[in-house]
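Everything below concerns the one structure shown next.
Values in this text are rule-based calculations from the coordinates and carry no lab data. These numbers come from a predicted model, not from an experiment. Using ideal geometry, Cβ is built from the backbone for each residue, glycine included, and neighbour counts are taken over all protein chains shown.
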Amino acid sequence: MFVILLISLIGACVMPLAARVIGRGAGLVIALLPIGLLAAFVSMAPVVERGWVLGEGRNWAPRIGLDLTLRLDGFSFLFCLLVTGICALVVIYAGGYLTGKPRQERTRFFTLILLFQTAMLGTVLAESLLVMLLFWEATSILSFLLVGFDSRSARARRAALMALQVTAFGGLMLLAAVLMIGHVLGSYSMAEAVRQAETIAASPLGTPIVACILIAAFTKSAQFPFHFWLPNAMQAPTPASAYLHSATMVKLGIYLLARFEPVFAATGWGRGVVVTVACLTMLVAALQALRAENFKSALAYSTIASLGILTLLVGLDGPAATVAMVGFLLAHALYKAALFFCAGVVLHATGQQNLRALGGLARVLPFTALACVGASLSMAGIPPFIGFISKEFLFEAQIESSWETAPLAIAVIVNAAMVGVAGVVTLRPFFLGGAKHRELRNGESLSLVAPPLLLAVAGLLISLDPDWITRVALRPAVAAVYGRAVDVDIAVWHGLTPMLMLSAVVIGIGALIVRYWRQIHIRLRGAERFDRLALEKLWERSLRGLMHGSRALTGWVQHGDLRRYLLVVVGGMAALIAWSVIAAGAVPRLPDAGTLRLAPALVALVGLGGAVAATRAQSLFTAMIATGLTGFSIALTFMLNGAPDLALTQFAVEALLVVLLTALLMAVPLASPATRTPAMRRSDAVVAGVMALMLVAGIVDMAAGPQGSAASAFYSEMSYLGGKGHNVVNVILVDFRAFDTLGETMVIAMAAVLARSLLMRRGRAAQEAAQPSVHFSFQAFGRVLSWTLLAASLVILWRGHDQPGGGFVGGLVAALSFALLSLAYGVERAERTLRAGPLTLVGIGMACTLASGLPGLIAGRPYLTHLWWEPVWFPKLGTTMIFDLGVYLVVLGAVLAFLFGLQREATK
């Protein structure tokens with residue numbers, strides 16, 4: 001399964017390039033990827049058919065319960081078949097639908113669709129809740145990109161943001177639920193969460209966990225009151241709507257509810273909430289579907305109603321409900337994707353979506369009309385299509401459940417409305433209204449009509465010959481959800497049963513809706529009170545209120561006064577230190593004076609003098625030099641006390657700080673009026689003095705304590721045994737505490753991106769940086785000094801694992817090298833020498849740090865466990881070097897992003 005996901009991911013990045021080369025037939029070639037994945041899953045059918053569960057796992061961070069685990073059972077297998085099979089048809093269909101679009105747009109669309117396929121597969125295969133959450137959020141982001149695919153359209157941008165806001169809110173709720181589950185169980189395993197459902201429900205966090213799971217599912221599957229984002233998402237290209245918003249993504253909420261059904265069922269209120277929300281969703285969606293004017297809008301609201309039916313079935317108890325949920329999930333994916341395909345063909349051919357403006361298209365789009373008829377008959381529940389069987393399952397589940405007749409009555413009404421919608425979207429555009437479109441913008445093609453015809457035929461053949469799909473998909477899926485084997489009997493005729501009578505009633509009412517659709521539609525459209533049920537205006541008003549409040553809060557907190565910022569930070573730290581000391585009732589210990597060491601004392605006095613000079617300086621340059629003097633004194637103190645790594649880092653930081661401050665001072669006025677009054681100066685002195693006293697007390701107390709600890713002894717002993725390095729500091733950073741270093745490296749990378757966005761050039765006036773005014777001798781020797789520093793940085797990087805150095809220090813020294821070039825010869829010269837942009841270096845560096853942990857993961861060890869190779873004829877090699885190289889590049893790119901941006905600002 002890991003191989004399948006990896007192939008899907010790599011193929012999503014590589015296969016769409018065929019659209020640039022092949023052109024018109026690209027869809028057929030690109031479809032080979034999902035077809036191959038479908039074949040891979042079908043080959044696993046014998047395992048699933050036996051009721052076995054196929055699992056794969058990789059250690060990630062086992063001590064805190066983080067593992068990469070995948071799990072294929074009957075339910076996830078059914079989803080995998082739908083995801084890959086319908087993706088293949090979507091890609092083929094998109095090849096014809098996007099004809100005439102620029103090749104770059106087609107390539108982007110195919111890439112997004114295939115990446116979405118990968119995200120869907122990862123979500124349904126994930127056994128680790130954290131892995132599932134990662135892919136879950138990826139589906140939301142990719143949906144946002146697909147809904148807003150036409151970025152020039154304001155409506156598309158609005159719909160994309162709305163979809164992302166709603167589903168991302170649900171994602172945050174799911175994140176909270178996952179973290180609380182991990183806290184309660186000490187594990188992020190989905191199987192463990194289901195197995196200990198009673199424990200979760202009985203815990204103090206049981207109610208918040210269930211509430212967060214339900215909200216996450218309701219937002220993803222467009223349940224009331226979060227349903228409004230789905231009709232707006234129809235701004236996406238029709239192939240994306242058919243794939244995301246009918247067959248796959250919107251069913252992830254159903255998938256989540258089905259998986260966690262034992263958890264919310266263990267509460268006294270979980271089932272009631274699910275059934276109530278489902279009934280409200282069904283009623284609202286059915287009403288809005290009858291009011292819809294556009295082809296895709298009617299299908300979108302009918303999809304919401306269908307999702308409400310699936311949610312209702314998850315909420316009902318009994319094995320019949322599980323059978324009905326699985327059967328309806330399959331049937332709905334087949335007929336609704338086909339109907340969206342048909343709607344896309346109509347839009348592609350006529351440029352029109354309004355149902356009242358369409359008519360007589362069966363004469364010019366005969367194959368599309370045939371596919372639409374077949375899919376609509378299945379949606380209406382007409383035998384012998386699979387939709388009829390799934391509807392009988394639905395009524396059987398409701399009759400056998402312990403619920404009262406209200407859900408059954410609502411289901412009858414809603415299904416009748418769906419019969420009406422199915423009839424209207426077929427008869428109105430294709431068979432009624434005369435020949436309104438004699439000339440079409442585009443005609444039918446094989447790639448446009450084959451996918452809906454195949455899905456419509458599949459809905460018929462499965463009901464007539466259900467043996468294979470029942471054995472390998474439906475029965476195992478029901479067993480995986482319900483917890484034990486349940487008989488699944490797919491047959492068109494079960495005799496005269498109550499379910500058959502209810503189906504007849506539904507079809508009869510639906511026929512009346514079709515007959516009087518125009519009158520019903522006019523009456524419902526005229527009732528403006530129903531517009532409030534969309535709730536999108538309420539959502540947007542709420543967001544505007546939130547933005548207004550956040551702006552007010554930001555104006556109060558982010559006031560722009562640096563002095564007040566520092567006052568809050570320093571004062572807060574001093575108060576925190578004082579509170580901790582008082583609460584502990586501790587008195588700082590005094591160390592033994594011992595013998596006075598002359599050299600450290602002189603260095604300390606020089607540093608103290610630099611600090612005093614910085615506070616008394618009247619010039620920014622003087623203050624900068626005095627501050628640098630203090631920093632170098634600290635570095636010498638590190639050196640004299642046996643900390644060469646810290647000293648080397650401090651030297652590099654101080655040198656770079658001088659360069660960055662010089663570039664900053666070139667961009668700001670050197671003289672400005674005083675902004676602090678004498679009273680402000682006195683209060684600042686008090687705060688600074690208190691903080692200084694606290695720090696002195698803490699340092700004195702630490703110096704009086706025992707030198708060395710169990711942790712230092714452990715790292716000293718295990719440095720080479722566990723990390724193959726003699727430099728204890730570097731081994732801790734890249735091996736024992738590699739996760740911490742990875743997080744800090746990500747922070748540096750994000751800072752570089754922010755610096756680039758804030759300091760980037762605007763307009764042509766800043767295209768050419770003015771040559772800096774520096775002394776000729778500095779220009780003459782700057783290049784030699786720069787290349788010397790660059791060579792030194794590489795030596796520091798290479799030797800860091802056994803001697804003082806490493807990626808961070810090496811990156812700082814390399815940044816100092818290019819900083820000298822930029823100051824001596826200008827930014828443009830430095831960039832030409834660098835041969836890559838700062839953010840490119842940051843991206844490559846992050847890729848290296850992330851990839852360095854994969855070899856250990858592949859070898860079955862936790863992520864970022866480094867592997868070593870020690871040949872006798874070559875120095876030892878290890879994946880830590882890749883990690884260190886990544887840190888080196890990220891630090892280099894981040895510093896240069898700041899420096900180059902500041903220098904350009906100075907030349908505007």
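Here are a few things to note about the model shown:
- Peptides 90-99, 835-844, 851-860 ordered by packing proxy, namely the average of other Cβ atoms within 10 Å per residue, highest first: 90-99, 835-844, 851-860.
- Helix 2-14 axis, angle to the chain major axis (alpha carbon atoms, nearest 10°): 90 degrees
- Among the listed pairs Lys101/Lys251; Lys391/Lys537; Lys296/Lys391, a Cα-Cα separation exceeding 25 Å is found for Lys101/Lys251; Lys391/Lys537.
- The chain - mean residue ellipticity at 222 nm from DSSP helices (-39,500 (n - 2.57) per run, n ≥ 4, rounded to 500): -23500 deg cm²/dmol
- The label point for Leu446 and the one for Ala39, both projected 7 Å from the Cα toward the Cβ, are 1.9 nm apart.
- With pairing defined as another cysteine C-beta under 4.7 Å, the cysteines of the chain that fail it are Cys13, Cys80, Cys87, Cys212, Cys279, Cys848.
- Counting only alpha carbon atoms, the long axis of helix 154-185 and the longest principal axis of the chain meet at about 70°.
- Karplus (6.51, -1.76, 1.60) ³J(HN,Hα), θ = phi - 60°, over region 202-218, in Hz, Gly and Pro reported as x: 7, 6, x, 8, x, 5, x, 4, 5, 4, 5, 5, 5, 5, 4, 5, 5
- Applying the criteria of a DSSP loop state and at most 14 other Cβ atoms within 10 Å to the GluC sites (Glu not before Pro) of region 350-445 yields Glu404, Glu439.
- Count Lys and Arg as plus one, Asp and Glu as minus one, and take only other residues whose Cβ is under 13 Å from that of Ala830; the net charge is then +3.
- With a Förster radius of 56 Å applied to the C-beta separation of Arg515 and Val784, the computed FRET efficiency comes to 0.05.
- Positive contributions from Lys and Arg (+1) and negative ones from Asp and Glu (-1), summed over other residues with Cβ under 11 Å from the Cβ of Ser302, come out at +2.
- Burial order of peptide ranges 418-427, 622-631, 307-316, 137-146 (average beta-carbon count within 10 Å, highest first): 307-316, 418-427, 137-146, 622-631
- The long axis of helix 129-147 is offset from the longest Cα principal axis of the chain by roughly 70 degrees.
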